[in-house]
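K.L.:
Here it is, the structure in full.
Here, each number is a calculation from the coordinates, and none is a lab measurement. As the structure is a computational prediction, the values presented were derived from the model and not from experiment. Every residue, glycine among them, receives a Cβ derived from its backbone with ideal geometry; neighbour counts consider all protein chains shown.
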Amino acid sequence: MAVKNIGIIMNGVTGRMGTNQHLVRSIVAIREQGGVELANGDVIMPDPILVGRNKDKLQLLAEKHNISRWSTDLDECLADPHNVIYFDSQTTVRRADAIRKAIEAGKHIYCEKPTATSLEESIELAKLAYGAGVKNGVVQDKLFLPGLLKLKRLIDSGFFGKILSVQMEFGYWVFEGDWQAGQRPSWNYRKEDGGGIIVDMFAHWRYVLDNLFGNVESVSCLGKTHIPKRVDENGNTYMCTADDAAYATFELEGGIVAQVNSSWTVRVNREDLLTIQVDGTHGSAVAGLRECKIQHRINTPKPVWNPDIENPFAFTEQWQTVPDNQVFDNGFKIQWELFLKHIAAGEPFPWDLLEGAKGTQLAELGLKSWEERRWIEVPELSLEVRKNGEAVNSAR
């Protein structure tokens, strides 16, 4: 058994998501479990170097998690041949420039989404990566949530029959920052800083819908800025220039209709912050982040509309819980392990920069639909580049 140490530049991990999900629950957890074992018995051991602009935060984070390397000099890290992967979880407006530099340095790319602030730039990054011959991947974490894995299990088993519709409800109340601090950073509410729930969440909904139910073919979207003013982390009041809620309908291949509400201005009266209801000819399911409940057609009640009597049905009690049947690990960690195997052993990893560009595409078209108040078709994205004289088409 050989241990393969892989240097990973982790840029932007002092933020909430970068620290908790990518560093602590993924890379640190992988190191503590003894690495990632390959099929031949070799072990991949990630060797991170934390990169950012605040040296005090970096040093504290590194010391807390027993990481020996940190730096405020990205160029120096990119020049080090020990570092073979560049990971980016910075704010979106900073991401593309750093990824370009990493591609030029010959590093494999793994990054958060959105991959860039525009579809044009997202496609450019994908072309640059494939042209340079570097492997690349984009975080698509919700595919690995226990609730969605159970939903995928149901789909693969044929439980639903013909899937007719999908209804997704996502969100919670983010405090305005005056009498209680907000749970999200203030830049999320400024369009000029890359904020907005459409830009943020449509990147997720694209890969969830594409991978579970079928490719998104068209979109109708209405965005809203329900809260016009908020208070930032320093106690300063600012005007919100980005949307904080989006009400969208997507048509998927096969005629499936998906209705998706996303909001940071909603109080939760459901079982989870994200619920996905799928209705089919043979059965229905409602999945949250971890749980999934089903109702088959043979167990479906037969209500009759009658507002003049008390409701005789306990509808929520008429669903069965899908069992775990497996141990579910952290979704970010699972995808990190898959990407490390992709780098070290060439194992498949379909969630590349082109897939990330599809999320940016859907966000742009959602914003356009809102602006023009009409349905917008979603054209298929393809990517052809030249490598060793041969055309490579990475469209899915």
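K.L.:
Would you please put 59-72, 93-106 in order of how densely packed they are, using the mean number of other Cβ atoms within 10 angstrom per residue and starting with the highest?
P.N.:
Working: 59-72: 15.2, 93-106: 18.8.
Top to bottom by mean Cβ count within 10 Å: 93-106, 59-72.
K.L.:
Ok, one more. Rounded to the nearest 0.05, what FRET efficiency do Thr265 and Val304 give with R0 = 45 Å and r taken as the Cβ-Cβ distance? Could you check? Working shown, then result.
P.N.:
Values: r = 36 Å, r/R0 = 0.79.
Computed FRET efficiency for Thr265 and Val304 comes out at 0.80.
K.L.:
Taking Cα atoms, how many degrees apart are the long axis of helix 197-212 and the longest axis of the chain, rounded to 10 and kept between 0 and 90?
P.N.:
The angle comes out at about 80 degrees.
K.L.:
What is the set of long-range amide H partners of Cys111 at a cut-off below 5 Å, with H atoms built 1.01 Å from backbone N?
P.N.:
Hits under the 5 Å cutoff: Asp88, Gly137, Val138, Val139.
K.L.:
While we're here: By a straight-distance test (C-alpha under 13 Å), which aspartates and glutamates pair with Lys229 as possible cross-link partners, with residues fewer than eight away in the same chain excluded?
P.N.:
Result set, ordered by chain and number: Glu176, Asp178, Asp243, Asp244.
K.L.:
Roughly how big is the range 277-341's charge dipole about its Cα centre, with Cβ charges of +1 (Lys, Arg) and -1 (Asp, Glu), in debye to the nearest 20? Please report the intermediate quantities before stating the final value.
P.N.:
Working: 6 positive and 8 negative charges, 54 e Å.
My answer is approximately 260 debye.
K.L.:
What pairs in Lys333/Lys368; Lys113/Lys293; Lys55/Lys341; Lys152/Lys341; Lys127/Lys162; Lys162/Lys333 have C-alpha atoms more than 26 Å from each other? Walk me through the numbers before you get to the answer.
P.N.:
On the way: Lys333/Lys368 35 Å; Lys113/Lys293 29 Å; Lys55/Lys341 31 Å; Lys152/Lys341 23 Å; Lys127/Lys162 37 Å; Lys162/Lys333 33 Å.
Flagged as over cut-off: Lys333/Lys368; Lys113/Lys293; Lys55/Lys341; Lys127/Lys162; Lys162/Lys333.
K.L.:
I would also like to ask the following. What's the FRET efficiency of Asp178 with Leu273 using the Cβ-Cβ distance as r and R₀ = 25 Å, to the nearest 0.05?
P.N.:
Working: r = 23 Å, r/R0 = 0.92.
E between Asp178 and Leu273, to the nearest 0.05, is 0.60.
K.L.:
Taking the Cα centre as origin and putting +1 on Lys and Arg beta-carbons and -1 on Asp and Glu beta-carbons, what dipole magnitude results for the range 228-285, to the nearest 20 debye?
P.N.:
Numbers: 4 positive and 9 negative charges, 55 e Å.
About 260 debye.
K.L.:
Nearest 10 degrees is fine. How inclined is helix 55-64 to the longest principal axis of the chain, computing both from alpha carbons?
P.N.:
80
K.L.:
Can I ask one more? Cα axis of helix 119-132 to longest principal axis of the chain: angle in degrees, 0 to 90, nearest 10?
P.N.:
40
K.L.:
How much of the DSSP bridge set in the chain is antiparallel, in percent, rounded to the nearest 5?
P.N.:
Approximately 60 percent, going by the DSSP bridge assignments.
K.L.:
Ok, one more. Have a look at Val219, His65, Ile294 and report the one farthest towards the positive end of the charge dipole of the chain, computed about the Cα centre with Cβ charges (Lys/Arg +1, Asp/Glu -1).
P.N.:
Among Val219, His65, Ile294, the one farthest towards the positive end of the dipole of the chain is His65.
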